[in-house]
1. Loop only by DSSP, 12 or fewer other Cβ within 10 Å of the Cβ. Give me the GluC sites (Glu not before Pro) in the stretch 140-210 that pass, ordered by residue number.
2. If you fit an axis through the alpha-carbon atoms of helix 190-203 and take the longest principal axis of the Cα set of the chain, what angle between them do you get, 0 to 90°, nearest 10?
3. Mind giving me the nanometre distance, one decimal, between the label points for residue 248 and residue 103, set 7 Å out from Cα along Cα→Cβ?
4. Have a look at the DSSP beta bridges in the chain and tell me what percent are antiparallel, nearest 5.
5. Working with all protein chains in place, sort 136, 173 by solvent-accessible area computed with a 1.4 Å probe, largest first.
6. Protein chains only, probe 1.4 Å: how do 296, 20 rank by accessible area, largest first?
7. Gain in length, residue 49 to residue 236, computed as 0.36 nm per residue apart minus the alpha-carbon separation, to one decimal in nm?
8. For every helix of n ≥ 4 consecutive DSSP H residues, a contribution of -39,500 (n - 2.57) applies; sum these over the chain, divide by its total residues, and give [θ] at 222 nm rounded to the nearest 500 deg cm²/dmol.
Amino acid sequence: MSAAAELVEGTWAIPVPTPFGGHTVAYLLAEDTGFSLIDTGWGSREGLTALMAGIEQAGFTPDELNGAAVTHHHYGHAGLLQALNQPDIWCGIHGHELKTLKDIRDGKAPTAGFEVPVPRVPAGTVLLADGAHLPLSGRTVQAVWTPGHTFGHTVLVEDHPEGALLYSGDHVLPEEESLEGRLGLDVGYLPRSVSAYTDSLRKLEQLPPDTLVLPGEGRPFYGLHDRVQQIVQARTARTAAVADAARHTADAAAQPAASRQADSLRTREARTPEHRALELIAEKTADLSDLPPGSFARFAALMDTASHMWAAGIPVNAHPLWHSR
């Protein structure tokens with residue numbers, strides 16, 4: 001997707017570039033008067049230019065913006081909130097996400113050693129409690145709390161004349177974006193992230209089978225129920241694989257690295273027995289061959305493994321760390 005496109009009447013998908021070569025999607029919802037957004041895209045000059053171009057292509061001007069709801073606090077989805085801030089607009093976000101942003105700014109949220117851009121939320125904030133309706137004119141869109149990718153992640157469900165629409169954020173992505181779905185990196189939330197994710201995925205099976213899924217990344221798709229089952233089954237299998245790997249890892253993790261060269265191939269955080277055990281389990285249950293030591297992608301894979309260790313009843317006493325370079 002390289003340009004804004006109207007997917008169903010009155011609903012436009014606007015791709016917003018990220019610094020990583022891809023894009024996230026902001027959705028424009030035309031109202032009786034003006035428009036609102038679901039997610040805003042990455043907060044950058046290039047991102048703002050793309051969003052403004054998409055708004056213009058849909059036939060609106062920025063002054064006609066009524067408000068914006070964000071599915072979760074990550075910068076690729078909420079980063080342009082501050083740039084859109086106007087005196088009379090509303091901003092919808094789940095209370096847990098708002099608290100997370102405040103805790104990150106105050107230095108109270110564990111971030112596993114990595115620094116992330118923190119979106120700033122406009123003053124006119126509407127807390128999106130589970131079941132709340134967005135303040136839209138001429139459209140009915142309801143918030144559904146779906147912890148998993150983040151603890152306050154919220155999807156939006158619309159009763160549209162052309163059929164049910166699910167603005168899924170990062171909760172349900174197309175298979176080509178992430179076969180197993182995408183857990184988040186919230187350190188304090190890891191012990192319950194897998195169970196919360198699968199439970200909230202199953203909640204979406206109450207939606208009609210022909211619901212059109214509008215994800216925060218990737219292409220729109222049908223087949224919500226099948227996709228939910230695919231992710232749940234993949235996560236269940238991964239938990240079982242992690243549990244099996246952990247049973248065969250304790251002795252190996254207690255041994256020092258075979259050589260200085262072998263140790264250098266691991267992340268620097270894997271040199272304690274606890275970190276080494278996590279690394280060994282990840283190597284046995286995920287493909288780390290293309291993820292260089294010290295990279296963010298490898299850190300994310302280790303965090304995912306830690307989540308499944310907790311799901312398997314294995315406490316994780318030393319979480320992976322990652323530092324910007």
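The values are calculated or read from the model by the stated rules, or taken from the named source; none is laboratory data. Remember, predicted model here, so these are calculated numbers, not experimental data. Glycine gets a Cβ as well: all are built from the backbone with ideal geometry, and neighbour counts include every protein chain shown. Protein only, heavy atoms only, side chains kept; ligands, DNA and RNA dropped before computing areas. Shrake-Rupley method; radii C 1.70, N 1.55, O 1.52, S 1.80 Å.
1. Numbers: sites: 158, 162, 175, 176, 177, 180, 205; in loops: 162, 175, 176, 177, 180.
Answer in residue order: 162, 176.
2. 40 degrees
3. Between residue 248 and residue 103, the label points sit 3.7 nm apart.
4. Around 65 percent antiparallel, to the nearest 5.
5. Numbers: 136 25, 173 0 Å².
From most exposed to least exposed: 136, 173.
6. 20, 296
7. Numbers: separation 187, 0.36 × 187 = 67.32 nm, distance 4.14 nm.
Value of the extension gain: 63.2 nm.
8. -10000 deg cm²/dmol
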